[in-house]
Amino acid sequence: MKRISVVLIVCAGLLVLVNGARAEEREKCSNASLHGNFGLRATGAIVNGGSIIVLGRFTYDGRGDLSARLFLRLPDASNATDTITGSYSVSPDCTVSDVWHSVISGSDSFHESVLVNQGKGFFILNTTEGAPVVISGEAKRQ
């Protein structure tokens with residue numbers, strides 16, 4: 001009788017593990033996975049010298065559009081504020097590609113991100129070819 005009970009417990013445990021793994025396999029990300037307001041902190045360097053710090057508040061609509069207000073501390077100790085509009089696309093593997101359009105400069109920048117903590121945050125990297133900055137950061141849902 002003990003042997004049957006142990007076998008049943010082991011089988012039940014395996015069933016739970018298999019079903020849990022299947023649930024994770026079914027969990028896919030989409031644009032809807034990135035929605036709401038996020039606080040961003042990013043740091044980096046300007047290629048020809050000096051550090052840069054960026055703080056911002058982003059809003060993602062869950063459909064592929066974003067907006068933000070950024071506060072920048074530049075290497076010459078000056079400050080700047082920028083307004084961003086843009087778009088994003090979330091892949092099923094929970095990676096994100098986006099484009100930001102800066103109101104101040106009128107230029108676009110490109111980024112790759114990874115959603116973490118079930119979409120409650122992300123890690124981001126500026127991937128703009130030829131950009132004079134190297135910046136990465138982290139954002140958390142507000």
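Just give me the residues in the stretch 95-121 being within 18 Å of I53 (Cβ to Cβ) and either surrounded by 14 or more Cβ atoms within 10 Å (Cβ to Cβ) or touching a residue at least 60 places away in the same chain (Cβ under 8 Å) (or both), in sequence order. Scanning the stretch 95-121 gives W100, S102, S109, H111.
Residues of the stretch 87-115 that are within 14 Å of G64 (Cα to Cα), in contact with an Asp or Glu (Cβ under 9 Å, 6 or more places away or on another chain) and among the aliphatic types (A, V, I, L, M): V96, V99.
Restricting attention to the stretch 34-52 and to residues that are hydrophobic (A, V, I, L, M, F, W, C) and within 16 Å of L115 (Cα to Cα), the residue that is surrounded by the fewest Cβ atoms within 10 Å (Cβ to Cβ) turns out to be L40. For the stretch 58-94, residues that are touching a residue at least 40 places away in the same chain (Cβ under 8 Å) and surrounded by 13 or more Cβ atoms within 10 Å (Cβ to Cβ) total 6.
Can you pull out every residue in the stretch 29-49 that is modelled with pLDDT of 95 or more and over 18 Å from I124 (Cβ atoms)? Listed by number, the residues that qualify are S30, A32. In this entry, L55 is excluded by the filter for residues that are surrounded by 16 or more Cβ atoms within 10 Å (Cβ to Cβ) and at pLDDT 95 or above.
The values are calculated or read from the model by the stated rules, or taken from the named source; none is laboratory data. None of these values were measured; they are calculated from a predicted model. Neighbour counts are summed over all protein chains in view; Cβ atoms, including those assigned to glycine, are modelled from backbone coordinates with ideal geometry.
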